[in-house]
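Student: For reference, the structure I am asking about is given below.
Throughout, read-outs are computed from the coordinates displayed, never taken from laboratory work. Since we're looking at a predicted model, the values are computed, not measured. Neighbour counts run over all protein chains shown; Cβ positions are idealised from the backbone, glycine included.
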Amino acid sequence: MSTPSLPQAGSWSTPSLPQKNSLLEQAERAAQLFASQQIYVYDTSNTTLPMPMATGTAAIAELPSLLTWVQGQVTNQIKIFLNLQIWKILQSLSAGDLSAAAAASQIEAVANQNLMPSKWTLDAIAETYGRPGSNAVAAVPAESIPSLVAYARVYTLPATPDIVQQWQQDRIFASQRLGGLNPMIIQLVTADGTLGSAWKPLRTKLAAKIGDDAVRPFLGPQATLDSAVDQGRLFVADYAPLGSVTGDKDAPGWQKGLRIMAPIALYVRSDDFAGLQLVAIQLNQGATGGDAYPVMLAANAGTPGQANNWLLAKMCVQSADLSYNQAVNHLGQTHLIEEAFALATARQLAYQHPLFVLLRKHFAALLVINQVGSLTLLKPGPDGLINQILAPGLSGSVELITNRYNAWRFDQLDFPTDIQTRGLSVANLPYFPYRDDGMEIWTVLGNYARDYLALYYTSDADVTGDYELQNWAKELSREAGGPGKVPGFKPSIGNRQELTDIVQKLIWTASAQHAAVNFPQIEYASFLPNYPGATFTPPPPDFQKTSTTPKDLLATLPPVTNTQTQVSVTYALAGYHYDQLLDYAADLEPNAAAVCKRYHDQLTGEVQARIVARNSERERTAGLLPYPYFLPENIPNSTSV
């Protein structure tokens, strides 16, 4: 049987609901869906991940319609390869292993290579993802990097990120929880735990060393931890889920085969700063209580011999933050949970179904990039990219994803509810770009989903009578035994508001949410002292009895091989934007095109202007970060990288 490709713009008739078609048209839709179901198949051999995945035939079927995407991906990979090859040559030159003439000759050889693959296949795309770590052209530099500053020399072609000059500042560290790569971990601490994190169980996990003195430099001499909680000023980033997993035997760093450290970082909001102030770090937690683990207070960071200890503690937190974000928030909660929806859409909604027409734009390239990820990131053994970057490695990361998925429900994709549940209101936290800019995008997407769907569903009866839509919901529902296995997804859709809410969540997750947890990587994770994927020496058991040296800091950070892998994957995942949110009006029928254009114009006009103005204000305050990731021009329609 030949492999069909996705339909191109204009290849379907005017979108319609199946129950409003003639019997002949319904039969044609059924035949088309039967054919699609032979291609878009659930991979029953997948026993690693808790959510369903597609077989490779689905991704292959999409490739012919994604030539522009493929070319963009490969071009980006070639730039990464060239950048890292030149960096390796310059490293060898600096180390005295190459003469200037030899270095120039090697750079010329790198620049003159023909690196474009001869054919566009999944294997060819996957090969380009593994290429940047290759040592085939340039001389291999020494495994050690001589200084923290030297980690910034990797930027031979791209611009050096601003974080290189700011990463050691405590306020910048804290602002990364609010306007950086992982805005999903921070929570308000409350007395009863109805919002955010409950204070009493958190207090029992903290070491006795974390007392009232931790907050007084920021909140005044009479302040206590309890009063900070009562006033809505205490916040926590608690990495407890990491402590329940064991590092892969092939993972990088010192934690391979061990339980992963689960830090706790405490922050306060003071009157003189709109963001958060970092006040304390505890590097692990467990049944024995916090006193068993290393603890550092910001109040002590300035005492003799403690500055490097404080920097080391922050590096360990950043490593935990990157591991959790990349495994759970990024891979698990965008890429992987979307796969079931992309499969069910292709299997249960005919090409002329209005929801298929809409969602195909927001699932574009998802199945392909997930297949590439299976061949590279999720590859077992020492050659797998996760096993070269993240401290939990592959098995630990899969365990994190599984634990989160088993506790997750579909309704948790609701953006405002997530913000409210974590207690992150404007009153409690004036500076939170992810919240403020995100709410702009969320609102527009909800209005767009409502108005688009209203073109085709003129009553609630249209929803309940749409048997393709109801089959779609049933296939997705774990509770109904559907192969999509989506926890908490109802097996039927009862009215237009329910459908609008579902579509809003799906478009948000595929576009803005993925942008938030993916694209900041270049700014923050390509400079490894700021965001090491793994640490390579254990921290001292007691900071107060140890003086960390600059050499110790360097020994903690990834060596050259792991550095080049993390940098290459960072740019591979975040260095290419396929399209722009709601830019596809030209591919829709006239009525839908008018709706799409109206909201695209709203995004690129008034919404973009407000975010630009907020970013200008943020940049004027030392210690705050701008947030370009929710500028509509920077949000692709789909999880396409």
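Student: Compare the Cα positions of Ile260, Thr537, Ala54 along the charge dipole of the chain (+1 at Cβ of Lys, Arg; -1 at Cβ of Asp, Glu; about the Cα centre) and return the one farthest towards the positive end.
Tutor: Thr537
Student: For the chain, what is the calculated [θ] at 222 nm in deg cm²/dmol (nearest 500), taking -39500 (n - 2.57) for each run of four or more DSSP H residues and dividing by its residue count?
Tutor: That calculation yields -13500 deg cm²/dmol at 222 nm.
Student: Name the GluC sites (Glu not before Pro) in segment 457-556 that are in a loop by DSSP and that have at most 11 other C-beta atoms within 10 Å, would you?
Tutor: Passing both the DSSP loop test and the Cβ count: no residue.
Student: Another question, if that's okay. Any chance you could give the angle, 0 to 90 degrees and rounded to 10, that helix 23-39 forms with the longest Cα principal axis of the chain?
Tutor: The angle comes out at about 40 degrees.
Student: Same structure, new question: Just add up the charged neighbours of Gly381: K/R +1, D/E -1, any other residue whose Cβ is under 12 Å from the Cβ of Gly381.
Tutor: Computed value for this residue: -1.
Student: Per the Kirkwood formula on distinct C-alpha pairs, the Rh of segment 180-316 is how many angstrom?
Tutor: Result for segment 180-316, one decimal place: 15.7 Å.
Student: Only four residue types carry charge here, +1 at the Cβ of Lys and Arg and -1 at the Cβ of Asp and Glu. Report the dipole size of segment 467-534 about the Cα centre in Debye, rounded to the nearest 20.
Tutor: Details: 6 positive and 6 negative charges, 32 e Å.
Rounded to the nearest 20 debye, it is 160 debye.
Student: Cβ under 11 Å from Ala191's Cβ, Ala191 left aside: what net charge do those residues give with Lys, Arg +1 and Asp, Glu -1?
Tutor: Here the count lands on -1.
Student: Can you tell me which lysines have their Cα less than 23 Å from the Cα of Lys545? Leave out same-chain residues fewer than eight positions away.
Tutor: Lys205, Lys209, Lys314
Student: Going by how many other beta carbons lie within 10 Å of each one, how would you line up Trp69, Trp472, fewest first?
Tutor: By the 10 Å Cβ count, ascending: Trp69, Trp472.
Student: Express as a percent, rounded to the nearest 5, the fraction of DSSP beta bridges in the chain (both residues included) that run antiparallel. Write down the numbers at each step before the final one.
Tutor: Details: 18 of 22 bridges.
For the chain, the DSSP antiparallel bridge percentage is about 80.
Student: Another question about this same structure. Sort Asp213, Asp226, Asp579 so the one with the fewest other Cβ atoms within 10 Å of its own Cβ comes first.
Tutor: Numbers: Asp213 16, Asp226 13, Asp579 19.
Least crowded to most crowded, the residues run Asp226, Asp213, Asp579.
Student: Note down the magnitude of the dipole of segment 180-316 about its Cα centre, charges +1 on Lys and Arg C-beta and -1 on Asp and Glu C-beta and zero elsewhere, to the nearest 20 debye.
Tutor: 320 debye
Student: Which angle from 0 to 90°, rounded to the nearest 10, does the C-alpha axis of helix 67-94 make with the longest principal axis of the chain?
Tutor: Here the helix axis deviates by roughly 20 degrees.
Student: How would you rank 374-385, 316-327, 24-35, 300-311, highest first, on the average number of other Cβ atoms within 10 Å across their residues?
Tutor: The peptides rank, most packed first, as 316-327, 374-385, 300-311, 24-35.
Student: Please check which bits of segment 468-489 a label hung off Gln19 would reach, taking the label as a point 7 Å along Cα-to-C-beta and the cut-off as backbone N under 12 Å.
Tutor: 468-471
Student: Quick one: putting +1 on the C-beta of Lys and Arg, -1 on the C-beta of Asp and Glu, what dipole do you get for the chain around its Cα centre, in Debye to the nearest 20?
Tutor: Using Cβ point charges on Lys, Arg, Asp and Glu, the chain gives about 840 debye.
Student: Still on this structure, I have one more. For the chain, what is the relative contact order in percent, using Cα pairs closer than 8 Å and at least 6 residues apart in sequence?
Tutor: Here the relative contact order equals 20 percent.
Student: Separate question: Could you state the angle between the C-alpha long axis of helix 560-574 and the longest principal axis of the C-alpha atoms of the chain, as a value from 0 to 90 degrees rounded to the nearest 10?
Tutor: Computed tilt is about 40 degrees.
Student: Tabulate in residue order the Karplus-calculated ³J(HN,Hα) for segment 255-265, using 6.51 cos²θ - 1.76 cosθ + 1.60 with θ = phi - 60°, rounded to whole Hz; enter x for Gly and Pro.
Tutor: Using θ = phi - 60°, the values come out as 8, 4, x, 10, 5, 7, 4, 10, x, 10, 10 Hz.
Student: Rank Ser45, Ile389, Ala35 by how far each Cα sits towards the positive end of the charge dipole of the chain (+1 on Lys, Arg Cβ; -1 on Asp, Glu Cβ) and give me just the farthest.
Tutor: The Cα lying farthest towards the positive end belongs to Ile389.
Student: A further question on this structure: Calculate the length of the line joining the C-alpha centroid of segment 504-527 to that of segment 71-95, in whole Å.
Tutor: 24 Å
Student: Towards the positive end of the charge dipole of the chain, with charges on Cβ (+1 Lys, Arg; -1 Asp, Glu), say which of Gly575, Thr548, Ile281 has the farthest Cα.
Tutor: My answer, from the dipole projection, is Thr548.
Student: Another question about this same structure. What residues have an amide H closer than 5 Å to that of Asp579, excluding those fewer than 5 places away on the same chain, when H is modeled at 1.01 Å from N in the peptide plane?
Tutor: Hits under the 5 Å cutoff: Asn637.
Student: Please tell me the relative contact order of segment 180-316 in percent, rounded to the nearest whole number, where contacts are Cα pairs under 8 Å and at least six residues apart. Working shown, then result.
Tutor: Working: 239 pairs, mean separation 29.9, N = 137.
Computed value for segment 180-316: 22 percent relative contact order.
Student: Further question: With both partners inside segment 180-316, how many of the DSSP beta bridges are antiparallel, as a percent to the nearest 5?
Tutor: Once the DSSP bridges in segment 180-316 are tallied, antiparallel ones form about 85 percent.
Student: Can I ask one more? What is the local net charge at Asp272, summed over the other residues whose Cβ is closer than 13 Å to its Cβ (Lys, Arg +1; Asp, Glu -1)?
Tutor: Combined, the nearby Lys, Arg, Asp and Glu give +2.
Student: Could you pull out every residue, at least 5 positions away or on a different chain, whose amide H is within less than 5 Å of the one on Ala54? Hs are placed 1.01 Å off N in the peptide plane, and Pro or chain starts have none.
Tutor: So Ala54 has HN proximity to Asp43.
Student: Under 19 Å between alpha carbons, and skipping anything fewer than 8 positions from Lys20 in its own chain: which aspartates and glutamates qualify?
Tutor: Counting by Cα, and skipping residues close in sequence, Lys20 has these aspartates and glutamates nearby: Glu28, Asp460, Asp462, Asp466, Glu468, Glu589.
Student: Taking neighbour Cβ counts within 10 Å as the exposure measure, how do Met261, Met51 sort from fewest upward?
Tutor: Exposure proxy ranking, most exposed first: Met51, Met261.
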